[in-house]
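One structure below.
The values are calculated or read from the model by the stated rules, or taken from the named source; none is laboratory data. Bear in mind that the values here come from a model prediction, so they are computed numbers and not experimental data. Cβ placement follows ideal geometry from the backbone for every residue including glycine, while neighbour counts extend to all protein chains displayed. We work out accessible area using only protein heavy atoms, side chains counted, and drop any ligands, DNA or RNA first. Shrake-Rupley method; radii C 1.70, N 1.55, O 1.52, S 1.80 Å.
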Amino acid sequence: MSTPTETEIPLRQRVAENPQPALIWAAIGAVLIGVELGAILQVIAAIAGVIINLIPGDPGAAALSSLQESLKTIPTLVSRDFIPNQGYWDGSQWVGTFLGLSPAAAWAVRVVVVYAYAFAVLAWLWNGYKRYRQYYRRVDWTPRDDVVNRFRGHTWGQFGLVITIAFVVMAIFAPALGPTTMEENILQPYDYEVSYWDEETQSVETALVGEANLGSGSQGAGDENVGPMSYDDYGRFHPFGTATNGKDLFTQVVFGARISLTIAVVAMGIAGIIGLSLAMITAYYKGLADLAIVLASDSIQSLPVIMVLILMLVIFQGTWLKDLYDGAVLIILIFSLVYWPFIWRSIRGPAFQVSEQDWIDAAKSFGQTPGQVMRKHMAPYVFSYMLIYASLSLGGIIISVAGLSYLGLGIAPPTPEWGRLIADGQQYVASPSWHISLIPGVLITLVVTGLNAFGDGIRDAIDPQADTGDEAAATGGGA
Amino acid sequence: MSRWQYFLRRVLMSIPVVIFGTTITFALIRLGPLDPVSAILGTQYNPQAAEQIRQNLGLNQPLWSQYFDFMYRLFTFQLGQSWVIAPGTTAYELIQVYAPRTIWLGFWSVLIALFVGIPLGFYAGLHPNTLSDYVASFGGIVWRAMPNFWLAIMLVTALSQTGQWTNGFFTWQTWIVKTNVVTPPALGFFESPLQQFLEDPGGWMNSFIKATKQIAPAALVLGSASMGNEMRIGRTAVLETINSNYVETARAKGVSGRSLVWKHIFRNALIPLVPIITGEAFLLLGGSVFVETVFAINGLGWLFFNAAINGDLPLIGTLMYIFILILVGTNILQDFLYTVIDPRVGYEG
């Protein structure tokens, strides 16, 4: 039997007693973070800028913007400055690209580096967890170990995890992944120039990006099409071809991934918080509180979700809410309002079970407030059920957002969204410009499959005996 | 509590749900920033006309009286008129025109989903961990993950191109009967079907086949999500049933393979499928907006979408009310099926 003192040594002291594994891990981490330090600081500065904008009077805004400028000059490994792919052919060689490679090869190198870096960071985090488990944790075993082990034996869930990570990396590193930038190619194409090799004059010419876009749109016919993995007339490489308006499709796809992921995760997070709080209240107070929320949630669930989304988007079309983040904030709010009853339903049962346990009575008799009991003793036990439901619902939200954008109601242009890309390319599906509609659709299918698989994996890992009866409402479908 | 009491309580519970749902709709269309008067007048807005319309529509009344008026009309099925997309037409007439197409679409979607999804799921469950199981399961999962509207676009293109791709060997448009790929189905044969059938059986059959063929691709797309669900649940249910004790017992007693599958496995595996099948109403109502838009089937989903983007508030209110009734109705039907199929329901309260 272990003495209490033995198990109560703080983590810092346990590390100090056996520092080697922690030091090795920290050293690797320092290298990994070091090569991206500039980018991380930029993100922090950008967030600080947003916060300062909210404060009246903008204190220190000038200092911050000069700091932001100077941060941009710090070289980072995963950036378009370090591995540039936008160059031009000067008649004998490529100028301005990484190591003089062709733009396609330079872009491919950058994509590989981005993903290698992302997976290296994940491997480092995983290694940290294993080191902690092996060297520093007080106990040999916790129930969470079983969850991790079950997930490690779940091939289907791991497949989902890999797809999910690929998608998340795509969203996070969107500016570095695109062959061109959002600003230059999509938002302000007439403010930037592109140099290219003109075959007729046999010299390097320049053109505005906007003009070059006009000349390289994909609108069906053979000479008006820039397909996947090809160069346009201006020597620009397009991994997924161009859209109907000549803007690079891959760049739009990666930024579209960013907005889809943001909406899905934030909406699910808000719905989860509402659902969890209400589940705590109903399970703790029962009776009338429960009945009221049953009625409210049944009523919301009896509304046809897509129809409500359409209606609410139309109603709030002209308001200031619609302008926040190109309409994404409005969509997030609507989704959280519509989805919380489903989450609440899925954790109501477990919450009631927990509320019957002896330790809840014990906590009450110790004089803990209802809030403390709910937070400390009830919420942790239903959290995993919520996680299962949320992970299975993410795909459905991504599909719904794409569907709404397809109808012209979702995200406002020019911010790219996958559903709108599909709508743009709809009339060219049977033409050489098939890629505009096909690629985003295939990607949605892949991502949603991956998210569903990941959700299955989480469910099987957390609760191997989970009832599979309710999942139809949770997963996929619709839209 | 007996299961019939349970069921009765369930029906009573649905009344406040319908009231609450309709109230939410009222709040959205009346309290929201959308102004019905400017939607009606469009670009010809002038204050006098606006005041006139306000007067006529009763928008000057206090909100609570508008609310009771709205609720009273809906619950007595005085469904009101369209203001914008078909001014002067009653909502009832519009629904009469648009609903049959959606019902026709929904009918075939459910049928396709049931007759493809469940057999495939049961097949996969009876042959677990074989190649065909993996193909069926994986196919179902991917099929379910495809966005309806995208699948519809792809199918429309594929069907339109069949003539070119097969070099004229097979053309969807001329196959069996001549139809367009994208078109509202011609449902004229539904009016007094018996009489028409007796007068001209060949012609009636022809228009029936034509309408079925016109709706088939859309129904396949609309049924896709639920098809995948049914397959999955069906597979799990069959696997669970096969491994249960009573099936072992029956097998030990020498029950033949066929009777084992049909009498013992099939019936019990159907129970978890009940909520999936009734839950299809949700998928169909939601997804029909997209599928009807792509396939140009001018049904209820299309009507709702147009009413919404044109700000036709009374029509929206009516359609929402009807959708809520359908969904609550299916929920009650689901519980009813449960109480009939599964005797364990209800005793615990």
| note | Of the residues in segment B:196-207 that are under 17 Å from B:V177 (Cα atoms) and touching a Phe, Trp or Tyr at 6+ places or on another chain (Cβ under 6 Å), the one that is surrounded by the fewest Cβ atoms within 10 Å (Cβ to Cβ) is B:W204
| note | Every listed condition ((1) surrounded by fewer than 15 Cβ atoms within 10 Å (Cβ to Cβ); (2) under 28 Å from the mean Cα position of the chain (by Cα)) holds for B:S2 save (2)
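Just give me the residues in segment A:86-137 being within 23 Å of A:Y231 (Cβ to Cβ) and either assigned by the TED database to the domain that holds A:S230 or among the charged types (D, E, K, R) (or both), in sequence order.
Those that are within 23 Å of A:Y231 (Cβ to Cβ) and either assigned by the TED database to the domain that holds A:S230 or among the charged types (D, E, K, R) (or both): A:D90, A:R110.
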| Candidates A:D290, A:D232, A:D248, filtered to the one that is within 14 Å of another protein chain (Cβ to nearest Cβ), in contact with a Ser or Thr (Cβ under 6 Å, 6 or more places away or on another chain) and modelled with pLDDT of 85 or more | A:D290
| request: Specify which of the listed residues (A:L333, A:L324) is touching a residue at least 12 places away in the same chain (Cβ under 8 Å), open to solvent by 20 Å² or more (accessible area, probe 1.4 Å) and either in a helix (DSSP H, G or I) or in contact with a Cys (Cβ under 7 Å, 6 or more places away or on another chain) (or both). | output: A:L333
| request: Scan segment B:135-144 and give yes if some residue there is open to solvent by 20 Å² or more (accessible area, probe 1.4 Å) and on the phi > 0 side of the Ramachandran plot, otherwise no. | output: no
| message | Take the conditions modelled with pLDDT of 80 or more and either part of a helix (DSSP H, G or I) or surrounded by 10 or more Cβ atoms within 10 Å (Cβ to Cβ) (or both) and apply them to A:P75. Does it pass? | response | no
| query | Does B:L187 satisfy the condition of being closer than 30 Å to B:P147 by Cβ and at pLDDT below 75? | reply | yes
| Among the listed residues B:A237, B:A225, B:A250, which satisfies the condition of being over 29 Å from B:L159 (Cβ atoms) and within 14 Å of another protein chain (Cβ to nearest Cβ)? | B:A237
| request: Report yes if A:P350 is assigned to a helix (DSSP H, G or I), crowded, with 19+ Cβ neighbours inside 10 Å and more than 14 Å from chain B (Cβ to nearest Cβ), otherwise no. | output: yes
| said: Any residue at all in segment A:199-208 that's buried (at least 19 other Cβ atoms within 10 Å of the Cβ), within 25 Å of A:T415 (Cβ to Cβ) and modelled with pLDDT of 85 or more? | reply: no
| query | Does A:I47 satisfy being assigned to a helix (DSSP H, G or I), within 29 Å of A:V114 (Cα to Cα) and modelled with pLDDT of 85 or more? | reply | no
| query | Of the residues A:G425, A:G408, which single one is facing chain B (nearest Cβ under 10 Å), crowded, with 24+ Cβ neighbours inside 10 Å and either over 19 Å from the mean Cα position of the chain (by Cα) or small (G, A, S) (or both)? | reply | A:G425
| query | Being under 19 Å from A:G96 (Cβ atoms) and open to solvent by 50 Å² or more (accessible area, probe 1.4 Å), is that true of even one residue in segment A:175-185? | reply | yes
| field | Qualifying residues in segment A:308-319 (those that are at the interface with another protein chain (Cβ under 7 Å from one of its Cβ atoms) and surrounded by 24 or more Cβ atoms within 10 Å (Cβ to Cβ)) - the one nearest to the chain's Cα centre (by Cα) | value | A:I310
| message | So, in segment A:280-302, exactly how many residues are buried (at least 22 other Cβ atoms within 10 Å of the Cβ) and among the aliphatic types (A, V, I, L, M)? | response | 2
| message | Condition (residue is touching a residue at least 24 places away in the same chain (Cβ under 8 Å) and of a type in the set (S, T, N, Q)) applied to segment A:92-114: is it met by at least one residue? | response | yes
| Which ranges mark the helices (runs of 4 or more DSSP H) fully within segment B:110-200 that have 3 or more residues being within 14 Å of another protein chain (Cβ to nearest Cβ) and free of Cβ contacts under 8 Å to residues at least 24 places away in the same chain? | B:131-145, B:148-165
| said: Going by what's in this entry, would B:A308 be described as at pLDDT 85 or above, assigned by the TED database to the domain that holds B:L114, touching a helix residue (DSSP H, G or I) at 6+ places or on another chain (Cβ under 9 Å) and not hydroxyl-bearing (S, T, Y)? | reply: yes
